[in-house]
1. Build a GNM of the chain with springs between Cα atoms under 10 Å: which of Gly93, Gly133, Gly123 gets the top mean-square fluctuation?
2. Could you bin all the Cα-Cα distances of region 12-54 into 10 Å bins starting at 0 and give me the percent of pairs in each, rounded to whole numbers?
3. For region 68-101, which trypsin sites (Lys or Arg not before Pro) are in a loop by DSSP, counting at most 12 other Cβ atoms within 10 Å?
4. Using the Karplus curve 6.51 cos²θ - 1.76 cosθ + 1.60 with θ = phi - 60°, what ³J(HN,Hα) values do you get for each residue of region 114-120, in whole Hz, with x for Gly and Pro?
5. Using the alpha-carbon atoms, what tilt in degrees (0 to 90, nearest 10) does helix 146-156 show relative to the longest principal axis of the chain?
6. Could you give me the radius of gyration and the Dmax of region 81-163, taking only the C-alpha atoms into account and expressing both in angstrom?
7. Can you divide the C-alpha Rg of the chain by 2.2 N^0.38 Å and report the result to two decimal places?
Amino acid sequence: MLADGARHQLDPRFIRVERIVGYLTTATLSIAGFVALALVAVFAPIQVVWLAVFAAAWLVMTIAFAWLAHRWPELEFRHAAYSVDIQVLEIRGGVLWRHVRKVPRSRVQHTDVAQSPLERRYGLATLVIHTAGTEHARVTLGGLAHQTALDIREHLLPREHLDAG
């Protein structure tokens, strides 16, 4: 049952998708750093020792980003959860700075289900909730199975049409 109030973890495919995003980001940053290093080597009058220091720094940063891209999604997955009951959607997350967001159903104005190309490829989706108020007026919950996101969206929609009658 969806609105059972039990704490649920995100879909495990979340880890794979976030790792791919991290690897792509690392590759982009690494290539940009390499190009900058090559331009400095060709066009700037710089001593070889400084060029070696910059190259070592580039290599260390690339390895560090690659390690983080691999490790961080698993940590994020471990600390992320959600629960749904009749009144509230609760979202927990954060690795270093933890947070708990409670979205009262009465404050939900509308909801969206979004998918990036990678999320679509792996059957995942992000639930986007727009609420009344200014603080956290847009709350997202990523890493859900597509059907789960659709089910939560339907649960959060107003039920006024059922009450009239």
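1. Gly133
2. Computed distribution, short to long bins: 26, 32, 20, 15, 6, 0.
3. Details: sites: Arg71, Arg78, Arg92, Arg98, Arg101; in loops: Arg98.
Of the trypsin sites (Lys or Arg not before Pro), the ones in loops of region 68-101 whose Cβ has at most 12 other Cβ atoms within 10 Å are Arg98.
4. 10, 9, 7, x, 5, 4, 4
5. With both axes taken from Cα atoms, the answer is about 50 degrees.
6. 13.0, 44
7. Working: Rg = 21.7 Å, N = 165, 2.2 N^0.38 = 15.3 Å.
Ratio of Cα Rg to 2.2 N^0.38 Å: 1.42.
Computed from the coordinates by the stated procedures, all read-outs in this text should not be read as laboratory data. Note that the coordinates shown come from a computational prediction; the quantities given were computed from them, not determined experimentally. FYI the Cβ positions are ideal-geometry reconstructions off the backbone, even for glycines, and counts take in every protein chain you see.
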